[in-house]
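Have a look at the structure below, then the notes.
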Amino acid sequence: MADEAITEEASSSPDLLMELLSSEELTLDTVDLRPSTFTTSDIRNVLLPLMTNLSIRVLYLPMDRIDLVCAKTITMMTMKNVGPPFEELHLSNLPSEEHTDSEPTSRKIASMIISSLKQNKHIKKLHITPQAVLHQSIPSSIASILYDNTVLTSLNLRGCGISHAGATKISCALASNASITVLDLSNNQLGNAGICSVALALELNSTIQKLKLSGTNISQGGEAMVEALALNKSLEVLDMSRNLLDDVVVTKLARSLKLNTSLRQLSLRSNSFSTIGALCLSLALYDPKNLQTVLDCNHTIQFLDIDSNQLSSECIMHTNKPLRWNALSGTENETIRKKVSAFLLESESNYLSFRDYFEDTTTVQHLLPNVLGSIKNSTVMYYLVKNLAVHSITATSRPDALSVAKKSSSDSMFSTDDKCNECAKDDNTCAVPEFVNVNNN
């Protein structure tokens with residue numbers, strides 16, 4: 001606790017901070033030079049002992065108080081990997097579009113420091129915060145490091161005032177980047193043109209796992225992001241809250257979700273869609289029209305935020321209801337099996353089509369190949385056939401198909417031990433046709 005108190009006090013005292021940086025007894029994890037008590041001269045003095053301190057992992061720099069001498073020291077650390085192996089670099093108060101200099105020194109310094117990260121081998125997280133709208137030259141510098149840097153994993157450009165032109169430059173670099181996993185472009189006026197370039201990058205990029213696009217003024221341009229979701233295989237978290245997405249875009253989004261197999265969290269809070277869009281989202285998660293539509297649904301999304309739209313609380317609850325299978329299941333196969341079980345138990349009409357086929361074994365044997373050919377997921381087909389067909393064939397009294405289906409669905413269809421009730425073999429060693437042949441002999 002004493003060390004923490006000293007560290008907190010050092011964050012506002014240049015002299016104490018320099019003393020701590022030179023000390024061999026105390027170690028610092030974070031150096032924050034943003035407080036107003038640090039002048040340009042103080043920062044210059046702090047950077048010298050900082051170069052010899054190898055415990056620093058996080059560095060905060062106020063760019064409005066960084067002169068050319070400071071910039072050269074910083075670039076020596078970042079470009080030549082001299083000094084502490086920073087993992088996080090926060091650059092605040094970068095020059096804005098309204099910044100007026102007779103000499104563009106501040107913009108030159110900012111570009112110099114950012115560009116020096118091309119060869120950096122330590123920094124994994126970069127946070128940039130401007131004074132207002134980021135100067136148009138800065139996105140070009142950011143894009144340049146994305147082409148060459150292979151260590152940077154997180155890029156936070158939240159509230160930088162990046163326009164569609166800046167977004168295009170950054171997106172072109174992201175298309176070929178193989179290290180960025182987290183990208184935050186929230187609170188930038190990307191608009192439809194900017195989001196189209198981001199969507200194109202997402203189609204080509206295979207490493208981005210978390211993308212934040214909250215408050216980026218997206219409306220019909222969201223359709224491009226919808227198309228990208230259908231192709232992307234890496235994105236797990238997508239935040240598109242506080243935009244202008246309507247029913248048309250959300251309906252198309254729901255279709256893409258059926259093709260996406262990686263997304264885990266989706267936020268559509270505070271948009272402009274109504275019950276129509278919510279219904280499409282619900283059907284994307286669970287569509288009980290028939291067995292094939294159940295299998296074609298999305299089985300990976302575990303969190304969906306649709307609050308603060310034109311929806312009633314009942315509509316929100318209904319839309320989120322299918323998430324209980326996705327969120328509580330350990331694997332995608334387990335999720336599918338639970339949805340199939342619910343489908344079989346929901347309506348008697350789901351079983352009536354099977355009743356006529358349980359009169360004799362020969363008919364069932366002809367039925368199985370046809371059903372197998374129409375169902376895409378073999379694991380689900382195995383459990384379905386084992387419970388609907390095999391048990392009814394082997395039953396001595398041939399009970400009604402509906403009662404067989406209901407009993408087997410609740411008793412053994414989704415047992416966690418994954419053992420066959422007929423021969424006690426593992427699923428991967430006992431195929432459905434073998435069941436039929438054995439029981440018919």
So which residues in the stretch 106-152 are hydroxyl-bearing (Ser, Thr, Tyr), outside any helix (DSSP H, G or I) and surrounded by fewer than 17 Cβ atoms within 10 Å (Cβ to Cβ), if there are any at all? 150
If we keep only residues of the stretch 36-56 that are crowded, with 18+ Cβ neighbours inside 10 Å and not in a helix (DSSP H, G or I), then the residue farthest from the chain's Cα centre (by Cα) is 38
Could you please find all residues in the stretch 275-306 being open to solvent by 10 Å² or more (accessible area, probe 1.4 Å), under 22 Å from residue 237 (Cα atoms) and over 19 Å from the mean Cα position of the chain (by Cα)? 279, 280, 283, 286, 296
Could you list all residues from the stretch 65-83 that are at pLDDT 85 or above and either of a type in the set (S, T, N, Q) or surrounded by 18 or more Cβ atoms within 10 Å (Cβ to Cβ) (or both)? 65, 66, 70, 71, 73, 74, 75, 77, 78
Tell me which residues, restricted to the stretch 202-219, are of a type in the set (D, E, K, R) and assigned to a helix (DSSP H, G or I). 203
Which one is farthest from the chain's Cα centre (by Cα) among residues in the stretch 227-272 that are among the β-branched types (Val, Ile, Thr) and open to solvent by 20 Å² or more (accessible area, probe 1.4 Å)? 248
Is at least one residue of the stretch 162-184 among the acidic types (Asp, Glu) and either more than 27 Å from residue 238 (Cβ to Cβ) or assigned to a loop (DSSP other than H, G, I, E, B) (or both)? no
What pairs can you find where one residue is in the stretch 200-229 and on the phi < 0 side of the Ramachandran plot and among the hydroxyl-bearing types (Ser, Thr, Tyr), the other is part of a loop (DSSP other than H, G, I, E, B) and open to solvent by 50 Å² or more (accessible area, probe 1.4 Å), and their Cβ atoms are less than 8 Å apart, with a gap of 6+ or different chains? 206/178; 206/233; 207/178; 214/187; 214/242; 216/187; 216/189; 219/244
For the stretch 38-61, what are the residues that are at pLDDT 90 or above and among the polar types (S, T, N, Q)? 39, 40, 41, 45
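The values are calculated or read from the model by the stated rules, or taken from the named source; none is laboratory data. Because the structure is a prediction, the values reported are computed rather than measured. Cβ: placed from backbone, ideal geometry, glycine included. Neighbour counts: every protein chain shown. Ligands, DNA and RNA are stripped out before the accessible areas are found, and what is left, the full protein with its side chains, is counted by its heavy atoms. Shrake-Rupley method; radii C 1.70, N 1.55, O 1.52, S 1.80 Å.
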